[in-house]
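The values are calculated or read from the model by the stated rules, or taken from the named source; none is laboratory data. Values in this document were obtained by computation on a predicted structure and should not be read as measured data. Here the Cβ is made from the backbone with ideal geometry for all residues, glycine too, and neighbour counts use every protein chain on show. Side chains included, ligands, DNA and RNA excluded: accessible areas come from the protein's heavy atoms. Shrake-Rupley method; radii C 1.70, N 1.55, O 1.52, S 1.80 Å.
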Amino acid sequence: MNKRRQIVVYILTDFIIASIVWLLFNLYRYREVAQYQFDSMSDFLLFFQVLKGQILIPLCWLIIYFISGYYNKPFWKSRIGEFFSTFITVMVGCVIIFFTVLLNELPDSFHLYYKLFFFLFTLQFVLTYMGRSVITNYTLRKLWRHEWFENVIVIGTGLNAHKISGDLYKSGYRIAGFVRDHQNDIAPVVKPDEILGTIDCLKNILDNHNVDALVLAVDDGNKRNIMPLLYSLYHYEKPIKIMAEKNDFLFNIKVKTIHGIPLVNVTENNFSEFEKNVKWLMDKIISTGVLILFSPLYAYLSLRVKIDSKGPVFFKQERIGYRGKPFMIYKFRTMYVDAAEQGPLLTARDDKRVTSFGRYLRKYRLDEIPQFWNVLKGDMSLVGPRPEQRYYIERIVRKAPYYYLLHNVRPGITSWGMVKYGYAETVDKMIERLNYDILYYENMSLILDMTILIYTIKIVFTGKGV
């Protein structure tokens, strides 16, 4: 299955339908309103504002559909979900277009307002849903008939792997093969010729097979090793699904069935597709705005850091981010240049390695603002669990292996843990702060993000960052 091609098909269909709908709406609009202002229909349709709308309005619909999250998952769409998603999105889009484009051009008649609005909404919804429904039904038929399929590799060769393989096939997946995990003392149940190798050879296996997702289905005896094993799969940047049972304490997340199969997509978080896109847009817009509007503040703080002590203005350090991917985080330097020679150390409240101006930066959290560049690059988000060094992650997971769940979310400049707990001076305190980040993970929403941002702004202005 080609995800990108499927998305393009949906986008082109939506664009063509939106263009047709707007043309038909303009014909209706001419008959009801514009015929008294133009000599002929051709004069109206060729009028500059009308021509501009014929191009821009369909593009606006694509932006609205993108924000709604409709294009995020082009396969395995629910027909009922598609109906309500299209209905709500078209309703919102028609309200936006009506009030921004049409309201000032119409005569003062509420009857005519309602008439034009419901004509536009009905036409846009019916044709859009029909076009999408044709594509979705065609796609689902291809999937159920196994003419199209999602290639998966199953990690595990025991009873669970054998059981889940049959369910996966019935649900439209194709098993590319099985991979043995590290517990090689357990005899495989699947056919020997279906085993592609061991987990150590997974990179080569993925290079030789067109794989869409990984399914982790180790036997019960191996579950004590599932979190480190799961973490080792993140950097392959494939969706990871785990066979689990309801109320499985190991995952600390709710189990949702995928097409009736007890699988947890552990590379997904609790955001809806709409929320994911809005969060992404907010990250890009706000980070760009801050980098431009606050450039004088950046220049001033850079100068003060340089004057305060010898060394570079910015401090950079490798942190582990989304899906376990390392990246370089940027901050204003708050310590003396020889502080790093002591190795990875957490900052204490009265740390003598911190410069005098560095204490000021930490108090108001101003040392963090270079990370808006990380947000713009896509390494981080405005709100999310704080990224840690690999050194500390390895120590945290010994006591709290569920820490790995946080790698399903982009790390943030601020977090619920930083707002409610603050800086952690020891690994034990980092684990205490982890409880707040897990609470955020389990209750992620745009409203919670806004709440955290408000609390963070309060901390910045009150100087309670330390």
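Screening Thr157, Thr128 for residues that are open to solvent by less than 30 Å² (accessible area, probe 1.4 Å), touching a strand residue (DSSP E or B) at 6+ places or on another chain (Cβ under 6 Å) and among the hydroxyl-bearing types (Ser, Thr, Tyr) leaves exactly one candidate, Thr157. Close contacts from region 92-106, counting a first residue that is modelled with pLDDT under 80 and a second that is surrounded by 13 or more Cβ atoms within 10 Å (Cβ to Cβ) and not in a helix (DSSP H, G or I), with Cβ to Cβ under 9 Å and a gap of 6+ residues or different chains, come to Glu105/Val33; Leu106/Val33.
Taken together, the residues in region 355-369 that are assigned to a loop (DSSP other than H, G, I, E, B) and open to solvent by less than 10 Å² (accessible area, probe 1.4 Å) amount to 1. Of all residues in region 367-422, those satisfying the criterion of being of a type in the set (S, T, N, Q) and either closer than 30 Å to Tyr300 by Cβ or in contact with a strand residue (DSSP E or B) (Cβ under 8 Å, 6 or more places away or on another chain) (or both) are Gln371, Asn374, Ser381, Gln389, Thr414, Ser415. Residues in region 28-41 that are open to solvent by 40 Å² or more (accessible area, probe 1.4 Å) and among the aromatic types (Phe, Trp, Tyr): Tyr36, Phe38. Assess whether Ile11 counts as being surrounded by fewer than 18 Cβ atoms within 10 Å (Cβ to Cβ), in a helix (DSSP H, G or I) and of a type in the set (A, V, I, L, M). It is true that Ile11 is surrounded by fewer than 18 Cβ atoms within 10 Å (Cβ to Cβ), in a helix (DSSP H, G or I) and of a type in the set (A, V, I, L, M). Selection over region 429-466 of residues that are part of a helix (DSSP H, G or I), more than 21 Å from the chain's Cα centre (by Cα) and under 16 Å from Arg386 (Cα atoms) gives a count of 8. Every test in (1) touching a Phe, Trp or Tyr at 6+ places or on another chain (Cβ under 9 Å); (2) modelled with pLDDT of 95 or more; (3) open to solvent by 10 Å² or more (accessible area, probe 1.4 Å) is passed by Leu376 save one, and that test is (1). Here Thr128 meets each of (1) modelled with pLDDT of 85 or more; (2) not in a helix (DSSP H, G or I) with one exception, condition (2).
Return the residues of region 49-91 that are over 14 Å from Tyr10 (Cα atoms) and touching a residue at least 40 places away in the same chain (Cβ under 8 Å); say none if nothing qualifies. Within region 49-91, Gly53, Ile57, Ile67, Arg79, Phe83, Phe87 qualify. Applying the criterion of at least 3 residues that are at pLDDT below 90 and farther than 30 Å from Glu82 by Cβ to the helices (runs of 4 or more DSSP H) found wholly in region 201-307 leaves 202-208, 226-233. For region 361-375, the count of residues that are more than 21 Å from the chain's Cα centre (by Cα) and under 18 Å from Arg323 (Cα atoms) is zero. If the condition is being part of a helix (DSSP H, G or I) and either of a type in the set (Phe, Trp, Tyr) or in contact with a Pro (Cβ under 9 Å, 6 or more places away or on another chain) (or both), then region 308-330 contributes only Tyr322. The criterion of being among the polar types (S, T, N, Q) and either without any contact (Cβ under 8 Å) to a residue 24 or more places away in the chain or within 22 Å of Phe98 (Cβ to Cβ) (or both) holds for Thr122.
Can you confirm whether region 399-406 contains a residue that is free of Cβ contacts under 8 Å to residues at least 40 places away in the same chain and either among the hydroxyl-bearing types (Ser, Thr, Tyr) or in contact with a Pro (Cβ under 7 Å, 6 or more places away or on another chain) (or both)? Scanning region 399-406, I find at least one residue that is free of Cβ contacts under 8 Å to residues at least 40 places away in the same chain and either among the hydroxyl-bearing types (Ser, Thr, Tyr) or in contact with a Pro (Cβ under 7 Å, 6 or more places away or on another chain) (or both), so the answer is yes.
When Phe48, Phe25, Phe44 are checked against the criterion of being modelled with pLDDT under 90 and open to solvent by less than 80 Å² (accessible area, probe 1.4 Å), a single residue qualifies: Phe44. All of (1) part of a loop (DSSP other than H, G, I, E, B); (2) under 30 Å from Ile292 (Cα atoms); (3) open to solvent by less than 40 Å² (accessible area, probe 1.4 Å) hold for Ala424 with one exception: (2).
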